[in-house]
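What follows is a single structure, written as structure tokens, with notes after it.
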Amino acid sequence: MTDDRMLRKLAGIEAPEPRAEARREALAAAMQAFAQHNSANAAQGSRNGARLTERALKLWGEIMDRKLLSTSALAGMVALPIAGYTALYLMKDRPFAVQALVGQDAVNAPSEPAADAPEQESALTAVAPQKAESRSESFEQVRRKVAPLAAVGAVDSLMRNPAAQPTIAPMPLPQDSGAGAALNGDRIEGFETNPLKAVAEQPVSTFSIDTDTASYAYMRRALKEGRLPQPDTVRVEEMVNYFPYGWQGPESLATPFNTTVTVMPTPWNAGTKLMHVAIKGYDLQPTAQPKANLVFLIDVSGSMEEPDKLPLLKAAMRLLVGKLRADDTVSIVTYAGAAGTVLEPTRAADKAAILAAIDTLNPGGSTAGEAGIREAYRLAERSFVKDGVNRIMLATDGDFNVGQTDDDSLTRLVEEKRDSGVYLSVLGFGRGNLNDRLMQSLAQNGNGTAAYIDTLQEAEKVLVEDASSTLFPIAKDVKIQVEFNPQVVSEYRLIGYETRALAREDFNNDKVDAGEIGSGHSVTAIYEITPKDSPARQIDPLRYGEALRQDPGNTAHPEEYAFVKIRYKQPDADTSKLITTPVTAANEVGSFDSAGEDQRFSVAVAAFGQKLRQSDQVSGLSYAQVEDIARQARGSDPFGYRSEFLTLVRLADALATDRK
């Protein structure tokens, strides 16, 4: 029987519901296997000359061929040790010790590797060929690679000594090692910081202007737990756009955006300037807000049992229900081992029925996310409101592990359903299992937003205070394109938006999906630009190419820094419209302190985000200087968000100092 056939059969087996008791027993079995196989006194082979891994693979093939897994007892025995044996494998490469996980006296592992360790390593590498890079992967990613071999090794161990019942301490979550260490189990998409670009070579910058807020809340939780966030969890544009700003909006919905551009000196580099682009969406008045058809898609799998997951989610839902109008419609779909409808479409006027349905939500089972998504779309389409808001609110703590489970397939499903007019937003809860990459992908492809809920206050911000911009779209497929004038600007870099970059030709292609902007929503983008003759210029001019590209006699728009273009579609339209704004000396202020409070505060947030990402560009700016800029620009702060930001800057400063 081939390894591929084994893996396919293994993939089709439904694991039993996880239990804390099983977790302890699994690790105990793994420790027993470790002690027996790697002890200096233990035989390094078997009586027939086969190594442990060879015997295990042979045994596993016989089990699968004979379909012995049809019995629940053996299925449980196979599934039980997978996590423990996998943890044991990871301990060999991870920066924490076995004793830290299981207690000082739980296992007496040898200090030297066993004699056949190279052959064991070879067998493991056959299943996980990229083991050398496993340190940069999440626990879950590596677990998926080694689970098949872990299962057969654990079965072999139990077959040899089924009566062994070692006692073992509960396994706590591993602690983060500081900056650069991702939270255990969370899946975060890595990305490179935007580079500096020469205007003579790449004068055009294009990206989708939709922004989420998940990164800010995730960062805040890390700092309040005493850790600097892992750099790839920090998306600077999400931090900047977390805060409400007083940008001037348009006068009518006919032109749904107004653009305010400010050019100012850079506080961290005297030789450059910042081009601050603030966009404000039209704010629908309450009487003009369309009817809403909302479907809550709730993850009630076993992992949602923790206080900061399902209980917090239920409290957040109650807040939103109180915000809805009487003729809005609410449905609730849950998913665990299977999807189910808890509440058929119900008018928000019947709050008692909705709240009663919320109270029935209890965790248990695995995570059949794909089935839940399909059921949620079915309900949303059944109650579809023409010219209204039709949105699914997906609330989860992490992965989907039943049915269609890979990120790309789920994203394609959401992308296909987007054309129906039903949008999807994602709310993330808890840590240790969070799939941030999938959250971002589903929200962006579902014409929705992604938020991370770490406290009830954050739930109120996302679902109550920002409900208009979250629920009521005024435009879709919104893109921004900035063309810099090479006669005035020599270099530029966009701060943030790395994961939302678009190709230059995508700007005029109405088939390319982009962001959604809600009622009253504001979006801020900041460029650091280097004037033509600045000594801060870092890229050498081209000896030949630049002379060929420039026409010395060309004096077209010599007064402009750049030209800003916004392309958007009405929520029910298929053809885009264009808004343009030239950036001239009239947009410039003489000093940084002359810029408005909102501009200066958003720059402080951008600087803070870059420091957390360990960006070289702001290495000369201290956390204390960031705090000083933000404090002087705090201005009106009715909800205390800016005061909290100052606290976070001080926490980061203390943690960074302690790390050094």
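Sort Arg187, Arg642, Arg504 by heavy-atom solvent-accessible area, probe 1.4 angstrom, most to least.
Of Arg187, Arg642, Arg504, the descending order of accessible area is Arg504, Arg187, Arg642.
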_Heavy atoms of Phe639: accessible area, 1.4 Å probe, square angstrom to 10_ = 120 Å²
*Can you give the accessible area of Ile495, probe radius 1.4 Å, in Å² rounded to 10?*
10 Å²
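Considering every Cα-Cα pair within segment 421-472, what fraction, in whole percent, is farther apart than 17 Å? Each step should come with its number before you reach the end.
Details: 496 of 1326 pairs.
Result: 37 percent of Cα pairs exceed 17 Å.
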*Running Debye on segment 344-394 with equal point scatterers at the Cα sites and no solvent, what base-10 log of I(q)/I(0) appears at q = 0.27, 0.29 Å⁻¹?*
-1.19, -1.20
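Could you sort out which of Lys314/Lys351; Lys386/Lys461; Lys291/Lys417 sit more than 18 Å apart by Cα distance in this structure?
Working: Lys314/Lys351 14 Å; Lys386/Lys461 28 Å; Lys291/Lys417 20 Å.
Violating the 18 Å limit, Cα to Cα: Lys386/Lys461; Lys291/Lys417.
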*Would you compute the Debye intensity of segment 259-301 from its alpha-carbon atoms alone, equal scatterers and no solvent, and pass along log10 I(q)/I(0) at q = 0.23, 0.32 Å⁻¹ to two decimals?*
-0.89, -1.05
*Which order do Thr233, Thr360, Thr499 take by accessible area at a 1.4 Å probe, largest first?*
Thr360, Thr499, Thr233
*Take the alpha carbon gyration tensor of segment 232-370, find the square roots of its eigenvalues, order them as a ≥ b ≥ c, and report rounded if a/c is under 1.5; if not, report prolate when a/b exceeds b/c, else oblate.*
oblate
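Sort Arg613, Arg325 by accessible area with a 1.4 Å probe, largest first. Write down the numbers at each step before the final one.
Details: Arg613 25, Arg325 75 Å².
Putting Arg613, Arg325 in descending order of accessible area: Arg325, Arg613.
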*Kindly identify segment 303-379 as rounded, prolate or oblate by the Cα gyration tensor criterion: order the square roots of the eigenvalues as a ≥ b ≥ c, call it rounded if a/c is under 1.5, otherwise compare a/b with b/c, prolate if a/b is larger, else oblate.*
oblate
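What whole-number value in cubic angstrom gives the convex hull volume per residue for the C-alpha atoms of segment 369-498? Don't skip to the end; give the middle numbers.
Details: hull volume 20.6 nm³, N = 130.
Roughly 158 Å³ of hull volume per residue.
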*asked:* If I ignore ligands, DNA and RNA and count only protein heavy atoms, how much of Glu597 is accessible to a 1.4 Å probe, in Å² to the nearest 10?
replied: 90 Å²
*Over all Cα pairs of segment 223-289, how is the pair count split among 10 Å bins, expressed in % and running from 0 up to the last occupied bin?*
15, 30, 30, 19, 6
*Using all C-alpha to C-alpha distances in segment 451-505, build P(r) with 5 Å bins and read off the rounded percent in each one.*
4, 12, 15, 14, 16, 14, 10, 8, 6, 2, 0
_Tell me whether segment 269-330 comes out rounded, prolate or oblate; compute the Cα gyration tensor, take square roots of the eigenvalues as a ≥ b ≥ c, and use a/c under 1.5 as the rounded threshold._
oblate
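The values are calculated or read from the model by the stated rules, or taken from the named source; none is laboratory data. Computed from a predicted model, the values in this text were never measured in an experiment. We work out accessible area using only protein heavy atoms, side chains counted, and drop any ligands, DNA or RNA first. Shrake-Rupley method; radii C 1.70, N 1.55, O 1.52, S 1.80 Å.
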